[in-house]
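A short worksheet on the structure shown next.
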Amino acid sequence: MNYKQAFDLTGKVAIITGASKGIGESIARFYAAYGAKVVISSRKQADLDVLAKEIEAESGAQVLAFAAHAGDLTQLKSLLDKCIEVFCGVDIIVNNAATNPVFGPVLDCDGAAFDKIMSVNVKAPFEFAKMAHESMKSRGGGSVINISSIAGITPDPGLGMYSVSKAAMNMLTKVLAKEWGPDGIRVNSICPGLIKTKFSQALWENEKMLSHFTKRLPIARMGNVEEVASMALYLASDASSYVTGTIMSVDGGTVI
């Protein structure tokens with residue numbers, strides 16, 4: 001392997017869901033900076049259009065912005081079809097979109113909330129990866145990267161069903177990795193810990209609460225989106241060509 005080219009994504013096509021902000025946005029910027037053609041998706045087209053122009057300006061990469069609801073399989077199919085129409089295929093899928101409509105004890109999670117969590121966080125990544133399988137295989141292989149959570153390793157208080165969904169995503173990662181390896185498709189999960197995003201804003205805005213959480217960590221601070229995106233770059237590139245079925249924590253040592 002050429003060491004300087006290990007992380008190069010030139011010629012690769014990547015789709016990132018939930019890409020208009022936070023972790024997904026940072027992954028899109030990293031991929032574009034390393035030469036990939038990038039398809040960014042979330043629910044709001046206007047936000048995506050602004051981001052696409054920013055990424056194109058800073059990296060010179062080709063960026064396609066396409067709005068799609070991650071919980072709607074018809075919209076996901078349209079997203080993939082548009083990607084193939086414009087870029088002739090796909091090499092990298094980042095399943096980043098997720099939802100958690102409830103916070104509190106599982107007794108307060110009704111059937112509708114459970115169905116929504118499992119549909120967006122587990123079923124959609126499963127079905128979207130299946131949709132992309134044929135294109136990836138035909139191009140000699142690819143990489144599926146599932147953005148999970150340390151909640152899928154150890155339950156987070158108040159996030160019971162979200163934790164269940166992320167544990168399911170981690171097992172889905174292992175199943176697909178084992179079955180799709182012969183097709184040249186690698187499948188891995190990234191499990192972020194406390195990362196500074198809008199999702200965790202209520203915690204990091206409260207200095208006392210943040211200090212209580214971070215002071216016990218081996219790396220005693222919260223993480224940033226770039227630290228997750230750099231792991232996603234590794235898993236998308238040839239630098240990780242012998243890596244599949246892994247559950248990689250980016251958490252400052254939270255789960256130790």
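Miscellaneous remarks
- Any hit, region 101-123, residues being under 21 Å from residue 22 (Cβ atoms), among the β-branched types (Val, Ile, Thr) and at pLDDT below 95: yes
- Search result, residues across region 65-87 that are in contact (Cβ under 8 Å) with a residue 12 or more places away in the chain, more than 19 Å from the chain's Cα centre (by Cα) and within 27 Å of residue 241 (Cα to Cα): 84, 86, 87
Quick grid of which residues meet (1) of a type outside the set (Gly, Ala, Ser); (2) in contact with a Gly (Cβ under 7 Å, 6 or more places away or on another chain); (3) in contact (Cβ under 8 Å) with a residue 60 or more places away in the chain:
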{"residue": "172", "(1), (2), (3)": "yes, no, no"}
{"residue": "179", "(1), (2), (3)": "yes, no, no"}
{"residue": "194", "(1), (2), (3)": "yes, yes, yes"}
{"residue": "205", "(1), (2), (3)": "yes, no, no"}
{"residue": "219", "(1), (2), (3)": "yes, yes, no"}
{"residue": "234", "(1), (2), (3)": "yes, no, yes"}
{"residue": "245", "(1), (2), (3)": "no, no, yes"}
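- Criterion: over 27 Å from residue 231 (Cβ atoms), touching a residue at least 12 places away in the same chain (Cβ under 8 Å) and buried (at least 18 other Cβ atoms within 10 Å of the Cβ) - qualifying residue of 39, 102: 102
- Residue within region 177-190 that is buried (at least 21 other Cβ atoms within 10 Å of the Cβ), of a type in the set (S, T, N, Q) and within 30 Å of residue 140 (Cα to Cα) present: yes
- Those residues of region 105-120 which are loosely packed, with under 11 Cβ neighbours inside 10 Å and part of a helix (DSSP H, G or I), in sequence order: 107, 111, 112
Each row is one residue, and each column tells you yes or no for (1) under 17 Å from the mean Cα position of the chain (by Cα); (2) among the basic types (Lys, Arg); (3) under 16 Å from residue 96 (Cα atoms).
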position	(1), (2), (3)
175	no, no, no
186	yes, yes, no
193	yes, no, yes
200	yes, no, yes
206	no, no, no
211	no, no, no
219	no, no, no
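The values are calculated or read from the model by the stated rules, or taken from the named source; none is laboratory data. Nothing here was measured: the structure is a model prediction, and the numbers come from that model. All Cβ positions, even for glycine, are placed from backbone atoms using ideal geometry, and neighbour counts span all protein chains on display.
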